[in-house]
Amino acid sequence: MTDATAPSTRRIAAADWDALATELDTYGGALTPQLLTPAQCAEIAALYEKEELFRTTIDMARYRFGSGQYRYFHHDLPEPVAALRAAFYPHLLTIARDWAARLGRPAPWPDTLEEWLARCHDAGQDRSAQILLRYEAGDWNALHRDVFGDMLFPLQVVIGLDAYGTDYTGGEFLLVEQRPRAQSRGTTHVLAQGHGLIFTTRDRPVATRRGWSAGAMRHGVSTVRSGRRHALGLVFHDAA
């Protein structure tokens, strides 16, 4: 970890994780304090032009995922991206294990991210799932889940890299919860530059009269009205 990255990882450690866990329990998503400076955001967004850093580029319109582009990094992640993911993992792990206990599910995640990723690779999920996204005016992302196989971590993080209202408008992050025996509920989040959003990968525990049930959730991005929007996606399992 470089001196430039250290303040960001310290901010992750210093966040109010009890409050974040409560927000995740209530809404399935929780905004973090500012993690990156504008200069750090610009540095990460500029990586999009370095094609050698990425294993593939996805044109969302081609696959009917929406409109826009994103790129999957190679496993040899740029240091700021690797440091952010490593700093988040132990805090998210506590929440993931608590959720698994409430839902009566196995909690297969070991104490270290390296060991968990090794298990993903042993199970055939051996492609990097860390993504850098770019949206232009008119682009959007359909509601979906980032599930790539049986090896699944129940939480992930997206970090805004551009200034909302200045660099772009629109492009709010969407979460939609499919409630048991009820109509779906949607929430929106504005990603301020350098701030992260922790959100549910697939489902979360929901209290019912009969105990805990799994509330299925999907996420997406509303239409960007103007400008250009970049975001960094941190996923804690790899892809098949």
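The table below lists the values:
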{"read-out": "Simple label model, 7 Å out from Cα along Cβ direction - ASP150 to ARG179, nm", "value": "3.5 nm"}
{"read-out": "Evaluated at q = 0.18, 0.33 Å⁻¹: base-10 log I(q)/I(0), Debye formula over Cα of the range 198-238", "value": "-0.73, -1.17"}
{"read-out": "P(r) tail fraction, the range 1-91 - alpha-carbon pairs more than 16 Å apart, %", "value": "65 percent"}
{"read-out": "Rounded accessible area per residue of the range 1-74, 1.4 Å, Å²", "value": "55 Å²"}
{"read-out": "Accessible area of the range 5-235 belonging to carbon and sulfur atoms, whole % at 1.4 Å probe", "value": "49 percent"}
{"read-out": "The range 20-62: C-alpha gyration tensor shape, a/c 1.5 cut-off, then a/b vs b/c", "value": "oblate"}
{"read-out": "Relative contact order [Cα under 8 Å, 6+ residues apart], the range 100-240, whole percent", "value": "41 percent"}
{"read-out": "Computed over the range 72-152, Kirkwood Rh from alpha-carbon pairs, angstrom", "value": "14.8 Å"}
{"read-out": "Distance cut-off 18 Å, percentage of C-alpha pairs in the range 102-220 lying past it", "value": "61 percent"}
{"read-out": "About the Cα centre, charge dipole magnitude for the chain (Lys/Arg +1, Asp/Glu -1 at Cβ), debye", "value": "1100 debye"}
{"read-out": "Hydrodynamic radius by Kirkwood, which averages 1/r over all alpha carbon pairs of the range 5-235, in angstrom", "value": "18.1 Å"}
{"read-out": "Mean separation of Cα contacts under 8 Å (6+ apart) over length of the chain, as relative contact order %", "value": "28 percent"}
{"read-out": "FRET efficiency estimate (nearest 0.05) - Cβ-Cβ, ASP59 to ALA39, R0 41 angstrom", "value": "0.90"}
{"read-out": "Inter-site label distance for THR22 and ALA101 at 7 Å from Cα along Cβ, in nm", "value": "1.9 nm"}
{"read-out": "Point-to-point label distance, ALA123-ALA6, nm (Cα→Cβ direction, 7 Å offset)", "value": "3.6 nm"}
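The values are calculated or read from the model by the stated rules, or taken from the named source; none is laboratory data. Being a predicted model, the structure only gives us computed values, none of them experimental. Cβ atoms come from the backbone with ideal geometry, glycine included; neighbour counts cover every protein chain shown. Keep in mind that these areas ignore ligands, DNA and RNA; they rest on the heavy atoms of the full protein, side chains included. Shrake-Rupley method; radii C 1.70, N 1.55, O 1.52, S 1.80 Å.
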